[in-house]
């Protein structure tokens, strides 16, 4: 209903045009781009520091990290596959022994 209104359409078009121009002006401003790059870089560095501190805290409390849990899950999956393979071979050997009797 509002989408069909010509006044609303004109307002939206004007807003999009102005937002586009503003974005172009900001992206062409070297200081703005440098500030955004610095902000992103510092945010990533802070995240790295926080991740390290969190791992240290979990370790101090003797709690596993998500990486530890994932590593353990992978080991359990490997063991399950190995056990399944052993069971399959055992079934084959049992069936062969049954036939010989």
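The numbers here are math on the coordinates, done by the rules we state, and not lab data. Quick caveat, the model's predicted, so the values are computed rather than measured. Positions of Cβ are backbone-derived with ideal geometry, glycine not excepted, and every protein chain shown enters the neighbour counts.
Over every Cα atom in the chain, the radius of gyration and the widest Cα-Cα span, Dmax, amount to 30.9, 91 Å.
By how many degrees, between 0 and 90 and to the nearest 10, does the Cα long axis of helix 30-60 differ from the longest principal axis of the chain? Long axis of 30-60 versus the principal axis of the chain: about 30 degrees. Separation of region 38-53 and region 82-101 by C-alpha centroid, Å? After rounding, the separation between the Cα centres reads 55 Å.
Restricting things to alpha carbons, find the Rg to Rh ratio for region 1-41 using the Kirkwood radius for Rh. Ratio value, two decimals: 1.29.
Add -39500 (n - 2.57) for each DSSP H run of 4 or more in the chain, then divide by its residues: what number comes out at 222 nm, to the nearest 500 deg cm²/dmol?
Values: 3 runs with 89 residues, N = 101.
Rounded to the nearest 500, it is -32000 deg cm²/dmol.
Listed by Cβ neighbour count within 10 Å, with the fewest neighbours leading, 4, 68 appear as 4, 68. Put a dot 7 Å past the Cα of residue 75, heading toward its Cβ, do the same for residue 92, and the two dots end up 2.9 nm apart.
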